[in-house]
1. Does any residue of region A:146-158 turn out to be within 29 Å of A:R200 (Cβ to Cβ), part of a loop (DSSP other than H, G, I, E, B) and hydroxyl-bearing (S, T, Y)?
2. Please work out which residue is nearest to A:L445 (Cα to Cα), limiting yourself to region A:186-206 and to residues that are more than 13 Å from chain B (Cβ to nearest Cβ) and out of contact with any helix residue (DSSP H, G or I) (no Cβ under 8 Å at 6 or more places or on another chain).
3. Only one of A:H434, A:H419 is farther than 22 Å from A:I26 by Cα, in contact with a helix residue (DSSP H, G or I) (Cβ under 7 Å, 6 or more places away or on another chain), within 14 Å of chain B (Cβ to nearest Cβ) and surrounded by fewer than 17 Cβ atoms within 10 Å (Cβ to Cβ). Can you tell me which?
4. Looking at (1) touching a Phe, Trp or Tyr at 6+ places or on another chain (Cβ under 6 Å); (2) under 30 Å from A:S433 (Cβ atoms), which is the only condition B:G80 fails?
5. Cβ-Cβ below 6 Å, separation at least six or inter-chain, first residue in region B:135-151 and within 8 Å of chain A (Cβ to nearest Cβ), second part of a strand (DSSP E or B) and of a type outside the set (V, I, T): which pairs?
6. Quick one: in region A:57-114, which of the residues that are among the β-branched types (V, I, T) and over 19 Å from A:L351 (Cα atoms) is farthest from the other protein chains (Cβ to nearest Cβ)?
7. Go through A:T234, A:T238, A:T167 for me and flag whichever is closer than 26 Å to A:P392 by Cβ and within 8 Å of chain B (Cβ to nearest Cβ).
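Where a number appears in this text, it was derived from the coordinates with a stated rule and is not lab data. The structure presented is a predicted model; accordingly, all values stated were derived computationally and were not measured. Note that each Cβ is placed from the backbone with ideal geometry, even for glycine, and that neighbours are counted across all protein chains shown.
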Protein chains: 2
Amino acid sequence: MKTEALSWDHLLALAAQWVLGYRSRIGDLPVLARVQPGWLTAQLPASPPEDGEPPEAWFSDLDNIILPAVTHWNHPGFLGYFGITGSPPGVVADLVSSTLNVNGMLWKTCPALTELEQVVLSWYAQALGLPTSWFGVITDTASTSTLLALGAARQRAFPGSRERGLTGGPKLRLYCSQEAHSSVDKAAMVLGIGRENVVRVPADAQFRMRPDLLADAIQQDRNAGYLPFAVVATVGTTSSTSVDPVAEMAEVCREHGLWLHVDAAYAGSAAVAPEFRWALSGCELADSFVANPHKWFFTPIDCSCLFTAHPETFRQAYSLVPAYLTTDAAGVVDLMDYSFQLGRRFRALKLWFVFRAYGTKGLAEAIRTHVALAHEFAGWVEASQDFELLAPVPFSVVNFRWHPRGLDDEARLAKLNGHLLQKVNGSGKVFLSHTTLYGRFALHLAVGNLETNRDWLENAWLEITRAAQTLGSC
Amino acid sequence: MKTEALSWDHLLALAAQWVLGYRSRIGDLPVLARVQPGWLTAQLPASPPEDGEPPEAWFSDLDNIILPAVTHWNHPGFLGYFGITGSPPGVVADLVSSTLNVNGMLWKTCPALTELEQVVLSWYAQALGLPTSWFGVITDTASTSTLLALGAARQRAFPGSRERGLTGGPKLRLYCSQEAHSSVDKAAMVLGIGRENVVRVPADAQFRMRPDLLADAIQQDRNAGYLPFAVVATVGTTSSTSVDPVAEMAEVCREHGLWLHVDAAYAGSAAVAPEFRWALSGCELADSFVANPHKWFFTPIDCSCLFTAHPETFRQAYSLVPAYLTTDAAGVVDLMDYSFQLGRRFRALKLWFVFRAYGTKGLAEAIRTHVALAHEFAGWVEASQDFELLAPVPFSVVNFRWHPRGLDDEARLAKLNGHLLQKVNGSGKVFLSHTTLYGRFALHLAVGNLETNRDWLENAWLEITRAAQTLGSC
C-alpha cells in the first residue's frame, strides 16, 4: 500500500465524495433493508486481509454490499420508532470529534471536552426551560442515563450499597408507569434491584401514569416492608408519547422522600418550541432528567443528555480514583466521576455545531414542522372511514390502525394490521413500526427527519390506504 | 442562514479543510492543554444562539478557542496513559457511520451494522488467535464490557438475580489482582455486589496475580459463607502492563466453577503480531474477554470488543423485548439482547476500514514498531546512572523514575519525580502520566501513536534528562 493512498487528503476526498453520493440518492433507496439474514455475511471474506487493500475498494464495497443491508434511518420515508435524523452540522462535528480522538476521562486529558460539555448542556437546559443550576453529562444512550440516575438514587436511599452491596440490605423498590420504557427494567436488572421490584403503575385512558395509584403502591410497599426509593416519570412514552403528570408525581416523591427521574428521551427536545414547554411542567422538581438530542434534536447518534440536581450523589455512587488517574488540577469537573464508563468521546462538539447552525429559533421551527406534519397525518386518519387513531397525538407520533366497520375481533385486527404493516414496509418507500396500546396492535408513525415533508407523508398515506384495500382477501 | 451555507458539500469541504490544517500542525501544538480551568467556558456565550451562525464562525472557533483547550492525544509526543491513536481510515469510516446515523438495536433496524459487527469481531478474534466460536459485540468502553461480563457472570451464579434482585441472595464475591483496573470495582458497585466484595489478590514482584493466593482466597471465602462467582484476569495491567497467569487462573476457576473474564483492553491487540501471541495464552479458556481497538489498534475512540463463550447467558441477563421492539425476523442476532444499552452506533465500520487499510501484517508491524521503540527507551533508562526502570517492559509501556545514587527517601523521590513530571509536561513537547508501583511513584511512558517515531522519543528523553538536571535545587 502506498502511503499516499492512506493519506488524510486522499481519504477525506473519497469519503466526502461518498457522503455526497449517498445523500443525493437517499430517497431512491429502499427504506427497509431487503436482504435476507446472512446475506452480508456471505459477501464478506471469512478472515481479515493480511495485506492492506486500496481505499477505492472499501468505498465501493460501501455501495455494493453495505448499503443494500442498511435500513435507512435517513430516508425521508423512515417513520418508525422515533424517526431520527442527524444533520450536516452534526455529522461534520462528529468528524472533528473522531479526528481529535481525545478521551475526556479527566478535565486535564481534554479541558475542551469537559468544559464544552458543561456549556452546551447548560445551553440545552436553557433551550428547554430546565433549571440552569442542574449539572449535566453526555452519555451514549438514554438507557445508560437512566441506569446512572437510578444508581445514584439507590446510593441516596442506601449509602452502604456502594461498598457492601445489596445482599442483606433493604428491599428496594422503584416505580414507573405501565408505559415506561424497558430501560427502566433493564436498569433494575443490572443494578441488582431485580425486575420484580419495578412496580408498573397503571395509566389513564390517555396513557399517563395515575399519581393516585402511585401513592397507593408506595404506601402498600412501605407497609409490606419494602424501601421505595425512586420513581421514573416519562415525558413522551415510547409507544404513545404520552406525558406523565410530573408535578403530581414529584409531590408524591417529596412526601415519601423518593428520587424522581424523568425520562424525556424523545419529547424533552420539543420544549425548545415555547408551545411545547408545557410538556416539561414539573420537571424542575426532578432529581435527574434525561433527554436525547440524537432522537429529536438533529444530532447524530449517540448523544444522550443526563442532568441532575445532585451531582454530589453521582460522585458518591461512581467516583473512584486509582493512582494512575490522580490529577493535580483542583476544583475541576472530572467527567469519569459521574459514570462507570471511564473513556468518553468528544460528543459535545456535535450538539454545539447543531445549536450554532440552527439557533434555538431554527430548532424550534423544525420541531414545530414535524408536529404539524404528524397532526396533518392524524387528520387524514380521523377523516378516513376505515382507520382510527389509537392515542392522542401530543407530538410527532401517530398511533393508528386499519379498522373497518363491523370488524371488531381484536385478534383478527391485529393480524390484518400486521399484514398491512408488512406490505407497506415492503414497498421500500415507507417504514412504520408497531406497538401495542391497551392490547390493541397499533401502527406507529413518527416524524423526526429534517427531510420528511408533506409529500413523503402523503405518499406514506397512499401506500397505507392502498395496502388496506388488499386486506379483504387475507 | 442561507440553505447552501448548511449544505452537505459546503460543510464537508470546510470540515476536510479543517482536518487537514489541524493534522498538518499537530506536532507544533502544545501536547498538554495550557489553559486554566474555566478559560474555555469564559470564551463561550452563556446562552445558546437564537439564530443560526455561518459555519465559517464555528470552524474558526474550533481553531481559536477549542484547540487551545485540547490535550492533543494525536500529538506524537503524547506518551501518557495508554497513548492511543486513530488513523485516517478509522476516522473516515466514523464519518460514514455518523452520516448513516443508524441505530442497530435490532437486526432489522440495520442488518449491515449487526452482521458487519459479527464479521469484523470474528476477524479480530482470528487476528489475535482467539477462539472463533466466541460471540462478540462492540461496546463503547472496556468499563462497559467488563460490567456486562460480570453481570452475565452474576446471572450464571445466581439466576434469580435478574428478577428478584440481590437482596436476600447469596453473598457474591469476585476476584482480581491488586493491579486490576478500577473498572472492576466500579462494575461491582453498579451491579450491587459492592466494592468490599471485590477481593484484590496480591501480585508477584512482576505485578502478575498469584494464582495460589487466588485459590486460597476463594477457599477462605467459601468457608466463610460467601459465593465466589467470578475472576477477572488482566492481560496488560494499566500501571505496568503485566500479564496475569491466565491459564493457571482458568484452572482455579474451573475447579471452583467461577466465571473467568479477561481484561485485555490494552495488550490484547498486541497479539496480532505472532511474537506477542504468548500474552493471550490461556485466554481461550475464558468465559468472556475484552480488548479495545480504540487503545492500540488505530481505531478512533470509542470501540471496545467484548467476546464471550456464553452468549445465551448474556441474553438471560439482558434480553427484554417490549411490544414496540418485537420483530418478525427469526434466527437473527438482535444486538440489544446483549446489553442494557438499546441504541448503538455503527462502530464496526471503523474497525473494518482499519483491517482493510493495513491488513493484519501492517497492524502487526505497527505494534512491533511501538514495542521496539519502548524497548529502546527502556534501554536509555537502564543505561543512565540517574534513572531506573520500575517494571518489566513486555509491550509499549515504560515505567521508570529519576533515582540518583544516595537518594533513597521514597517520599522525597516521589516529590522530586512529581516535579520532574510537571516540568516535562510543561514543555509542551511531551506528555507523560504517572502511577504508583509497590508504593513507588513512577513516570509512565506509553507508545501507541502511529506518528510517534524514534525522534519523538529521543526528544522526550532529552526533555526528561534536562528537567532532571534542575531537580537538585528543589
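1. Of region A:146-158, the ones within 29 Å of A:R200 (Cβ to Cβ) are A:146-158.
Retained after the next criterion (residues that are part of a loop (DSSP other than H, G, I, E, B)): A:158.
Add one more test, that the residue is hydroxyl-bearing (S, T, Y), and what stays is none.
No, the conditions are met nowhere in region A:146-158.
2. A:Q206
3. Numbers: A:H434 fails: surrounded by fewer than 17 Cβ atoms within 10 Å (Cβ to Cβ).
Being farther than 22 Å from A:I26 by Cα, in contact with a helix residue (DSSP H, G or I) (Cβ under 7 Å, 6 or more places away or on another chain), within 14 Å of chain B (Cβ to nearest Cβ) and surrounded by fewer than 17 Cβ atoms within 10 Å (Cβ to Cβ) holds for just one of A:H434, A:H419, which is A:H419.
4. B:G80 satisfies every listed condition except (2).
5. Filtered contacts from region B:135-151: B:T141/B:S304; B:A142/B:S304.
6. We begin by selecting, within region A:57-114, every residue among the β-branched types (V, I, T); these are A:65-66, A:70-71, A:84-85, A:91-92, A:96, A:99, A:102, A:109, A:114.
This time we only want the ones that are over 19 Å from A:L351 (Cα atoms), so: A:65-66, A:70-71, A:109.
Values: A:I65: 8, A:I66: 5, A:V70: 5, A:T71: 5, A:T109: 5 Å.
Filtering first and then ranking leaves A:I65.
7. On the way: A:T234 fails: within 8 Å of chain B (Cβ to nearest Cβ); A:T167 fails: closer than 26 Å to A:P392 by Cβ.
Of A:T234, A:T238, A:T167, the one residue that is closer than 26 Å to A:P392 by Cβ and within 8 Å of chain B (Cβ to nearest Cβ) is A:T238.
Listed here are the residues, each with its yes/no results for (1) closer than 25 Å to B:L390 by Cβ; (2) of a type outside the set (D, E, K, R); (3) touching a Ser or Thr at 6+ places or on another chain (Cβ under 7 Å); (4) surrounded by fewer than 22 Cβ atoms within 10 Å (Cβ to Cβ).
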| site | (1), (2), (3), (4) |
| --- | --- |
| B:N197 | no, yes, no, no |
| B:L214 | yes, yes, no, no |
| B:P228 | no, yes, no, no |
| B:T234 | yes, yes, yes, no |
| B:D244 | yes, no, yes, no |
| B:A247 | no, yes, yes, yes |
